[in-house]
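Q: Sending over a structure as structure tokens; questions will come in a sec.
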Amino acid sequence: MSERRATVLHVDLDAFFVSMELLRRPELRGLPVVVAGGLGNRGVVSTASYEARRFGVRSAIPVSQARRLCPAAIFLETDFAYYSLASKAFHAILRDFTPVVEPAGADEAYLDVAGSEALFGSPETIAQAIRRRVRAEIGINASVGVSINKLVSKVASDAGKPDGLVVVPAGAEAAFLAPRPIRDLPMVGKKTADVLSGLGIHTIGDIARTPESALVARFGSHGAELRARALGIFDAPVLAGRGEAKSISRETTFDVDEPDGDRLRAVLRGQAERVATDLARHGKAGRTVTLKLRFPPFETISRSVTTGVAVELAGDLHAAAVTLFDRAWAEHDRRPVRLLGVGVSNLQERARQLRLGETLEADRLQDAVAELRDRFGDAAVRRGAEIRPQE
Amino acid sequence: MKVQVLQENLQRGLSIVGRAVATRSTLPITANVLVSTDRGRLKLAATDLDISICAWIGAKIDEEGATTVPSRLISDFVAQLPPTTVSLEVPQNGRQMRLECARNDSTINAMDAEDFPRIPEIRDGVTIQFDPKALRRAIERVEFAAATDDSRPVLTGVHLKTDGTRLTMAAADGFRLAVADITLPESPSESIEVIVPARALRELSRLVGETNEPVEMRVNPQRTQVLFAMTDVEMVAQLIQGTFPNYNQLIPAEYGTKVLVNVDEFKREARIAAIFARDGSGIIRLQMAPGDAGMPGQLTISARADEIGDNEGKIDAKVEGEGSKIAFNSRYLQDVLNVLTGTVALEMTSPSSQGVFRPVDENGVSEPGYVHVVMPMFVQW
């Protein structure tokens, strides 16, 4: 991307656990409420309402300390089963706007809406739409930060809390960050903050104004990065599903049980390509390829093969899946298939041992397709054979 | 059959032929060793049908004969006997072998020598003489690059081709290529081009290491079998049929970056990096930085594993051309370093094209006799 645009959203649910409790106990609204993992002395605060925060109660402090700080607070025990339903609904809403969603926890996520503007409007419009839908469908508030990168958007969403939307236009990052206290910068912990304060550095702008050499002298290579971040420079892209995937798979359930082997193999081809696209997006390759088949009504079988060299290209994945399919299907008398899927597990860093005389054309093609699908969705690029004649 | 041999000769002979004994075979007799009298000596032979090894040991022959006994049993047994005379006796029916040594007396069930697979003899064909040291060195520098899976059988072999007094050995597994030249003491009567199973050469290298005798290689006129003969040991192997890929085009003539480093230092850092690499994808990353203002250049060797940690080592290097980077499978990198000594030159043009390893002399001049090409790993830097 040559010209940076503010298309990265950080969406964060306000005081998530407390908001969820207030939803089912509206009588507690306006009161200091603390949700904690365990209410005994060894319990730890998960979330405090904004009312309780005014007394200094915050996440991660012991319940005993919270009780001293705010004796009037109402203490509730965490109910993860209840929150997780809302969390799933929240992430599903986000994925309605773009497939490029990077979850950062139960109640927050990063989105890159660069490919969604034609459908949903500007990033700011999308942010407003997300906030509206979260309120309407879940019943709680979300704050959103919009900027050119994850770092600035995170600071922006925090700045907007509660129930806010802060847009930092491209180019305005350093100016936006400058007046804010150093602790607002995600990489500044208590220790770093203490050292910086000792140097007379109190705002993010102070860090940006400090010569890099001085920061490097004090913090090593960390110092250079600190200064870059203070200027709003942060390169890590929004990665869909980062850090969660142990396997990547795609499956298709047929409206009418599919009896045609060629057609099934073609569907596998499309699935293999989408799995390969996801692998590339995660920077991964996988050593185990798994095929899943369901015959009506619910007879499900799966077959796996573990390869010596990790697989990442659609062609290799498809070849492995077809071998598994042909064998498994023959074992089941080539009956019509209700569901077909292919997955990769045993994931490792994407790295492919090149063969003698090989060029990288296959990788370039796959990366180009992956980029198109990232922007325009899975169906944007398909194989001819995947499309049914009547479609 | 009735013969007397020295325990140490018998033990040595059994251990030499033991290499060719089949470990998993549908033909049970190939787990046996053939014991027979042969022109005043005792001949031991074993075969797994791909390769066969025969060894002759001095013996006092009282009565001619032949039989076969389980290799594992007789080898383990003979190894425990005291170093003195062993007498072997096989009755006419050939069904048992009786061994007497000092006051130990035992009987081993045998299988008929008539049922043992015939070991091919190669009487005519092209003959090539080898100096044992040069042969061994070339084999050791090449055979490990041959493929171990047999999806492309020709790649499980080593390609041998002569041109006058030069013999070139090459092996490639699709990811790497090793090519070594040997200067022969004399030109063979006609030029040859054959593919010898890598395993046969590995065994040959061991045999040569034990005997240190000149080796004669003989290829039959049909070019289907090869014989390697030393004074008292012979090995026969089936040649691999097929066309070996034209590998010369895979050795780049030019490079953008060339780095010269001490092999021992490089090896040490690669070994360290490999410890970290083994929990990841087995990737070792190399970065070359040219020196400036009289400072030496630098080769950085690093590896990392998700959730484990990372490692980075630096060594001084002479870097010609631009700074560059390339990633290799840790085993491929270590394999080539392990067969080199002194100084190595690594030549490369891009992170996605061949890395070329060449031994160099003290003056940095490439030694013409060996080149090793490794394809890199395509990684996200």
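The values are calculated or read from the model by the stated rules, or taken from the named source; none is laboratory data. What you are looking at is a predicted structure, and each value in this text was computed from that prediction instead of being measured. Cβ atoms come from the backbone with ideal geometry, glycine included; neighbour counts cover every protein chain shown. Side chains included, ligands, DNA and RNA excluded: accessible areas come from the protein's heavy atoms. Shrake-Rupley method; radii C 1.70, N 1.55, O 1.52, S 1.80 Å.
Q: If you check B:THR183, B:THR148, which single one turns out to be more than 20 Å from B:LEU337 (Cα to Cα), assigned by TED's automatic domain parsing to the domain that holds B:LEU227 and of a type in the set (Ser, Thr, Tyr)?
A: B:THR183
Q: Scanning segment B:336-357 for residues that are more than 25 Å from the chain's Cα centre (by Cα) and part of a loop (DSSP other than H, G, I, E, B), which turns out farthest from the other protein chains (Cβ to nearest Cβ)? Let's see the steps before the verdict.
A: First, the residues of segment B:336-357 that are more than 25 Å from the chain's Cα centre (by Cα): B:347-353.
Going one step further and asking which of them are part of a loop (DSSP other than H, G, I, E, B), we end up with B:349-353.
On the way: B:THR349: 13, B:SER350: 10, B:PRO351: 10, B:SER352: 5, B:SER353: 8 Å.
Filtering segment B:336-357 for residues that are more than 25 Å from the chain's Cα centre (by Cα) and part of a loop (DSSP other than H, G, I, E, B), the one farthest from the other protein chains (Cβ to nearest Cβ) comes out as B:THR349.
Q: Name the strands (runs of 3 or more DSSP E) wholly inside segment B:142-200 in which the number of residues that are within 30 Å of B:ASN329 (Cβ to Cβ), of a type in the set (Gly, Ala, Ser) and in contact (Cβ under 8 Å) with a residue 60 or more places away in the chain is 1 or more.
A: On the way: elements: B:157-163, B:166-172, B:176-183, B:193-197.
Counting at least 1 such residues, we get B:157-163, B:166-172, B:176-183.
Q: Is there any pair with a first residue in segment A:68-82 that is more than 13 Å from A:PHE17 (Cα to Cα) and surrounded by 12 or more Cβ atoms within 10 Å (Cβ to Cβ) and a second that is modelled with pLDDT of 90 or more and not aliphatic (A, V, I, L, M) whose Cβ atoms are under 6 Å apart and which are 6 or more apart or on different chains, and what are they?
A: Sorted first by the residue in segment A:68-82, then by its partner, the pairs are A:LEU69/A:PHE55; A:LEU69/A:GLY56; A:CYS70/A:PRO32; A:CYS70/A:PHE55; A:ALA73/A:PRO32.
Q: Working carefully through the options B:PHE244, B:PHE228, B:PHE276, find the one that is within 14 Å of chain A (Cβ to nearest Cβ) and not in a helix (DSSP H, G or I).
A: B:PHE244
Q: Only residues that are within 14 Å of chain A (Cβ to nearest Cβ) and either open to solvent by 40 Å² or more (accessible area, probe 1.4 Å) or assigned to a strand (DSSP E or B) (or both): list them for segment B:358-381, please.
A: Once the filter is applied, which keeps residues that are within 14 Å of chain A (Cβ to nearest Cβ) and either open to solvent by 40 Å² or more (accessible area, probe 1.4 Å) or assigned to a strand (DSSP E or B) (or both), segment B:358-381 yields B:VAL371, B:HIS372, B:VAL373, B:VAL374, B:MET377, B:PHE378, B:VAL379, B:GLN380, B:TRP381.
Q: Could you grab me the full set of residues in segment B:220-248 that are in contact (Cβ under 8 Å) with a residue 24 or more places away in the chain, open to solvent by 40 Å² or more (accessible area, probe 1.4 Å) and more than 12 Å from B:VAL194 (Cα to Cα)?
A: Within segment B:220-248, B:ASP232, B:GLU234, B:PRO245 qualify.
Q: Under 20 Å from the mean Cα position of the chain (by Cα), within 14 Å of chain A (Cβ to nearest Cβ) and surrounded by fewer than 18 Cβ atoms within 10 Å (Cβ to Cβ): does that describe B:ARG176? It would help to see each step written out before you state the result.
A: On the way: under 20 Å from the mean Cα position of the chain (by Cα): yes; within 14 Å of chain A (Cβ to nearest Cβ): yes; surrounded by fewer than 18 Cβ atoms within 10 Å (Cβ to Cβ): no.
Judged against the criteria, B:ARG176 is not a match.
Q: Still on this model: Looking at B:LEU299, B:LEU333, B:LEU286, which is the one that is closer than 19 Å to B:THR349 by Cα, assigned to a helix (DSSP H, G or I) and assigned by TED's automatic domain parsing to the domain that holds B:VAL365? Break it down stepwise before answering.
A: Values: B:LEU299 fails: assigned to a helix (DSSP H, G or I); B:LEU286 fails: assigned to a helix (DSSP H, G or I).
Exactly one residue qualifies, and that residue is B:LEU333.
Q: Being at pLDDT below 95, open to solvent by 10 Å² or more (accessible area, probe 1.4 Å) and within 14 Å of chain A (Cβ to nearest Cβ), is that true of even one residue in segment B:127-147?
A: yes
Q: Next question, about the same structure. Filter segment A:181-191 for residues that are open to solvent by less than 60 Å² (accessible area, probe 1.4 Å), outside any helix (DSSP H, G or I) and modelled with pLDDT of 90 or more and give the result.
A: Within segment A:181-191, A:LEU185 is the sole residue that qualifies.
Q: To continue, here is another question. Given (1) away from chain B (no Cβ under 13 Å); (2) surrounded by fewer than 23 Cβ atoms within 10 Å (Cβ to Cβ); (3) within 30 Å of the chain's Cα centre (by Cα); (4) in contact (Cβ under 8 Å) with a residue 12 or more places away in the chain, identify the lone condition not met by A:LEU291.
A: Here A:LEU291 meets the rest and fails (2).
Q: Taking A:LEU317 as meeting all but one of (1) at pLDDT 90 or above; (2) more than 23 Å from B:PRO376 (Cβ to Cβ), write down the number of the exception.
A: Tallying (1) at pLDDT 90 or above; (2) more than 23 Å from B:PRO376 (Cβ to Cβ), A:LEU317 fails exactly one: (2).
Q: A further question follows. Tell me, which residue of segment A:344-358 that is within 7 Å of chain B (Cβ to nearest Cβ) and among the small types (Gly, Ala, Ser) is nearest to B:PRO252 (Cα to Cα)?
A: The selected residue is A:GLY357.
Q: List the pairs whose first member sits in segment B:294-318 and is open to solvent by less than 100 Å² (accessible area, probe 1.4 Å), whose second member is outside any strand (DSSP E or B) and among the polar types (S, T, N, Q), and whose Cβ atoms are under 8 Å apart, counting only residues at least 6 apart or on separate chains?
A: B:ALA303/B:SER330
Q: Oh, and also: Tell me yes or no: at least one residue of segment A:54-63 is part of a helix (DSSP H, G or I) and more than 30 Å from A:ARG133 (Cβ to Cβ).
A: Checked against the condition, which is being part of a helix (DSSP H, G or I) and more than 30 Å from A:ARG133 (Cβ to Cβ), segment A:54-63 yields at least one hit.
Q: Having 3 or more residues that are open to solvent by less than 30 Å² (accessible area, probe 1.4 Å) is the bar; report the helices (runs of 4 or more DSSP H) wholly within segment A:91-179 that clear it.
A: Counting at least 3 such residues, we get A:123-137, A:150-160.
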